[in-house]
Each structure stands twice: as C-alpha cells, then as structure tokens.
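Asker: First the structure, which I've put down as structure tokens, then a few questions once you've had a look.
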Amino acid sequence: MDFPGGKVMFTSQMSFIAESGKTRVPCYRVLNDSGELICGKVHDLVNQDLATRMYNSMITLQIMDTFLYEAQRQGRISFYMTSFGEEAINIASAAALSTEDIIFAQYREPGALLWRGFTLQDFTNQCFGNKADCGKGRQMPNHYGSSKHNYFTISSPIATQLPQAAGAAYSLKMDKKDACVVAYMGDGCTSEGDFHAGLNFAAVMEVPIVFICRNNGYAISTPISDQFRSDGVVVKGQAYGIRSFRVDGNDALAVYNVVRTAREMAISEQRPILVEALTYRVGHHSTSDDSTKYRSTNEIEHWKIAKSPVTKFRMWIERIGWWNEDDEMEIRKKIKKEILQAIQVAEKLEKPPVSEMFTDVYDEPTKDLVEQEILLRESIKKHPKDYPSDVAK
C-alpha cells in the first residue's frame, strides 16, 4: 500500500510486535572495570595531552562538588547537586565536541561547562549568587549558563530543554553551520511530554542534534523499573526514526568515541542521534534528598568503589605511563587550593543590586514590574534583617 510516509507491505498473518526483544541492547565499552583495554589498543582515540586533561577535569569536577556540597551543608549556599559517579559522561562527551556546538544541559553536566573554560571562580560566583555571577543572581545554585561558552542556562523543570534544543538545531541547519546541538537529559526526562516533542521534532525536521541520556538508575527516588518497561532509553529512538546507541557511561574512552562519532553523523548527515549512557548516581539527587531512604548503602558503595569512572580512567592512564602518584597528589592539592580560594572570594562579594531582578526582559519596565520593585524595596526597608545588608541598591 502506498501510504503517506512510504510503502507498507500487506500480510495475511496476524502478528503483534513484541513488547521487547528477547535480548537487551548491548552496551559498548572500551575499558573494563580494572581500566584495561578490552580490544587491546586505543584505536587512536586520545593522545596523552587529551587523556590527562580529561582526567584533570574529572578530578576538578569531583573536588568542586565535594567542597560546594559541604558549603551547602554549612549553610553558606542554599542548594547543590553533585555529579558523583557521572564524571566520565560530563567530561568525555564535552571533549568530543567543538566549541561551536551548542549545549542544552539538564543540571548534572557542569563538567561540560568546566571543559569549555568556565572557571572555578565562575562556578562559585553562580552558587553564591553574587554580583560577579553572569546570571546576576537570578538562578538557583547549579543552574549555570554562559553565552560565551555556547551553554544555555539551565532550567529546573526537567525536559523543557529538549524541544528548545531541537529548535536551536533547526536554526543551525537553516544557517548551514558546521556544528550541532547537544542536549543532555536524565532518564527521568523520558517520562515527560517534552521528551516526545523534542525527539519527534528533531526527527521530522532532520536536524543536527545529539541527545545524550544519562540513565543513572533513578529519577530522584523512582527507580527505572518503576518508570518504564522498555529496554532502557536506547530503544525509544527507533520509534521516532532516530539512530540510537548504548554506551557504558562509566567508561570515558567509550563515551568520547561514541559522542565524537555521533557528532560527525549528526552534522554530515543532518540527522538526530540518541545516545544512552548507562551510569549510576553515587550522590544524593540533591542536598534536599536522602537517597538511603530508597536504595541500600551497599548498592551505593559498590558503584562508588568498584565502578568509579574516575578510578577506572586513572588506572588506564597509569598503566600506559601517562600518570603516577606524584601527579595525583600534585593536582589534587592544586585544585583544593583553587576551590577554597574561589569560595572565599565568592562569599565576600556583594549581592547584585535589587534593580537587576527587573531588567533584561523588556526594553522598558512594564507597569507591574515597576510596582513590584517598589513593593520589594518597601519590604526590604521594613524588614532589613531578612535581607543581606548590601542588597538594597
């Protein structure tokens, strides 16, 4: 039958499509859990400079998360989310991209921004919401953004970035740019309507975009077994007509290779690609969560120790002579000093002036915004102890 969308074959046999295959989609990896090359060679994936930079960045992200998480626990910032256990996806995917590629992140990809040059001082300024924050203190901690680094500002509602990312990819296609969009998401995003809208739009319009799903086992407290019955996320791509791939998200070399290849496909063939990276969220969902209420400490410790992407990558670069214990001690000491200094500086800087809350939306403030600013200033004057001393400007 010549049906819209292509010819459809008739059959006299009644056969339903199975709910799932008998075997699960395999997961691509290059390194085993001991940091040994499975295939016996690197396939020229990375050289020493790139490998050591990737490792330095994973360590930097890990240490930054540790100190800013503790800063929240000390009451110095209001909120924080770590990337513990997902460092390889952050850094390796970013390393495989061009700086011209546009990133739409969720909220567990600060490593991609770190890779592009966002400094520890930039991160701490945002978390403390001071006047040096490029977001002018308007966002929650962890909700980074930088036009300089082609990294769209993060939104709290999950999956809202996906249709936006598809639209941005369409603009790249129209402008015939040699670049793509990369949209990150967690497995929880696949339960949102925006996931359907974003992937369907990208497929129909044939846009250059790479969707990267961090399937870390839990959507906050909801395990994937309670979230969907499909074989993870990778099989969802086929329903939208999107080429898809599953990779070990704890293997930095594998992630780098897959994302680099996916990027080349997306640009050269002007098509969307879906990458599912299997990993594990070692930390709590956020500082508002206690994950031991819905998963065992033994499970967490197993993934933290036996499956660590940072440890795995370190064992590999040590095995081939690109890293040693002296290098490790030196870099950790250096990063700890830098993050402590950055926190001290960020904490002392003044907050942005109140007027910044009402700018950058309209060319001229609307009547209701003018009224809101007046009411806020009256509230600050009436209850000065409820606001920072330097805020009423």
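The values are calculated or read from the model by the stated rules, or taken from the named source; none is laboratory data. Quick caveat: nothing in here was measured; it's all calculated off a predicted structure. Here the Cβ is made from the backbone with ideal geometry for all residues, glycine too, and neighbour counts use every protein chain on show. To get the accessible areas, we keep the full protein, side chains included, count just its heavy atoms, and leave off ligands, DNA and RNA. Shrake-Rupley method; radii C 1.70, N 1.55, O 1.52, S 1.80 Å.
Asker: Would a scan of segment 3-24 turn up a residue that is under 30 Å from residue 318 (Cα atoms) and of a type in the set (Ser, Thr, Tyr)? Spell out the reasoning first.
Answerer: Step one: filter segment 3-24 for residues under 30 Å from residue 318 (Cα atoms), giving none.
The answer is no, given that none of the residues of segment 3-24 is under 30 Å from residue 318 (Cα atoms) and of a type in the set (Ser, Thr, Tyr).
Asker: Of the numbered conditions (1) among the hydroxyl-bearing types (Ser, Thr, Tyr); (2) open to solvent by less than 100 Å² (accessible area, probe 1.4 Å); (3) not assigned by the TED database to the domain that holds residue 243, residue 12 satisfies every one except a single condition; which is it?
Answerer: The single condition residue 12 does not satisfy is (2).
One line per residue, one yes/no per condition, for (1) at pLDDT below 95; (2) open to solvent by less than 60 Å² (accessible area, probe 1.4 Å); (3) within 21 Å of residue 90 (Cβ to Cβ); (4) touching a helix residue (DSSP H, G or I) at 6+ places or on another chain (Cβ under 7 Å):
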site	(1), (2), (3), (4)
281	no, yes, yes, no
287	no, yes, yes, yes
290	no, no, no, no
294	no, yes, no, no
303	no, no, yes, no
309	no, yes, yes, yes
313	no, yes, yes, yes
317	no, yes, yes, yes
320	yes, no, no, no
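Asker: List the number of the failed condition for residue 333; all other conditions in (1) over 23 Å from residue 217 (Cβ atoms); (2) touching a residue at least 40 places away in the same chain (Cβ under 8 Å); (3) of a type in the set (Lys, Arg) hold.
Answerer: (2)
Asker: Only residues that are at pLDDT below 95, assigned to a helix (DSSP H, G or I) and among the aliphatic types (A, V, I, L, M): list them for segment 330-361, please.
Answerer: Selection gives 354, 357.
Asker: Select from segment 108-132 the residues that are surrounded by 20 or more Cβ atoms within 10 Å (Cβ to Cβ) and assigned to a loop (DSSP other than H, G, I, E, B) and list them in ascending order.
Answerer: Within segment 108-132, 108, 109, 118, 129, 130 meet the criteria.
Asker: Determine which single condition residue 45 fails, assuming it passes every other condition in (1) in a loop (DSSP other than H, G, I, E, B); (2) at pLDDT 90 or above; (3) surrounded by 14 or more Cβ atoms within 10 Å (Cβ to Cβ); (4) not small (Gly, Ala, Ser).
Answerer: All conditions pass for residue 45, except number (2).
Asker: Residues of segment 362-393 being assigned to a helix (DSSP H, G or I) and either basic (Lys, Arg) or under 27 Å from residue 64 (Cα atoms) (or both), which ones?
Answerer: Pass one, segment 362-393, residues assigned to a helix (DSSP H, G or I): 367-382, 384-386.
Across segment 362-393, the qualifying residues are 367, 377, 381, 382, 385.
Asker: Please determine, by comparing only the residues of segment 365-388 that are open to solvent by 50 Å² or more (accessible area, probe 1.4 Å) and under 35 Å from the mean Cα position of the chain (by Cα), which one is farthest from residue 141 (Cα to Cα). Steps first, answer last, please.
Answerer: Looking only at segment 365-388, we keep the residues that are open to solvent by 50 Å² or more (accessible area, probe 1.4 Å), and these are 365, 367-368, 370-372, 374-375, 377-378, 381-388.
Then keep just the ones that are under 35 Å from the mean Cα position of the chain (by Cα); that gives 365, 372, 386-388.
Working: 365: 26, 372: 24, 386: 20, 387: 18, 388: 17 Å.
This residue is 365.
Asker: Same structure, new question: Taking residue 35, is it in a loop (DSSP other than H, G, I, E, B), open to solvent by less than 100 Å² (accessible area, probe 1.4 Å) and within 22 Å of residue 238 (Cα to Cα)?
Answerer: No.
Asker: While we're here: Tell me which residues, restricted to segment 85-105, are open to solvent by less than 10 Å² (accessible area, probe 1.4 Å) and either touching a Cys at 6+ places or on another chain (Cβ under 7 Å) or assigned to a helix (DSSP H, G or I) (or both).
Answerer: Once the filter is applied, which keeps residues that are open to solvent by less than 10 Å² (accessible area, probe 1.4 Å) and either touching a Cys at 6+ places or on another chain (Cβ under 7 Å) or assigned to a helix (DSSP H, G or I) (or both), segment 85-105 yields 87, 88, 89, 90, 91, 92, 93, 94, 101.
Asker: Let me ask something else about it. Select, from 65, 49, 33, the only residue that is over 17 Å from the mean Cα position of the chain (by Cα) and within 27 Å of residue 337 (Cβ to Cβ).
Answerer: Numbers: 65 fails: over 17 Å from the mean Cα position of the chain (by Cα); 33 fails: within 27 Å of residue 337 (Cβ to Cβ).
On inspection, the qualifying residue turns out to be 49.
Asker: Also: Would you mind stating whether residue 80 is at negative phi, assigned by the TED database to the domain that holds residue 262 and at pLDDT below 95? So that I can check it myself, show each step before the final result.
Answerer: Values: at negative phi: yes; assigned by the TED database to the domain that holds residue 262: yes; at pLDDT below 95: no.
The answer is no for residue 80.
Asker: Of the residues 277, 266, 262, 254, only one is among the small types (Gly, Ala, Ser), modelled with pLDDT of 95 or more and touching a Pro at 6+ places or on another chain (Cβ under 9 Å); which?
Answerer: On the way: 277 fails: touching a Pro at 6+ places or on another chain (Cβ under 9 Å); 262 fails: touching a Pro at 6+ places or on another chain (Cβ under 9 Å); 254 fails: touching a Pro at 6+ places or on another chain (Cβ under 9 Å).
Of the residues listed, the single one that is among the small types (Gly, Ala, Ser), modelled with pLDDT of 95 or more and touching a Pro at 6+ places or on another chain (Cβ under 9 Å) is 266.
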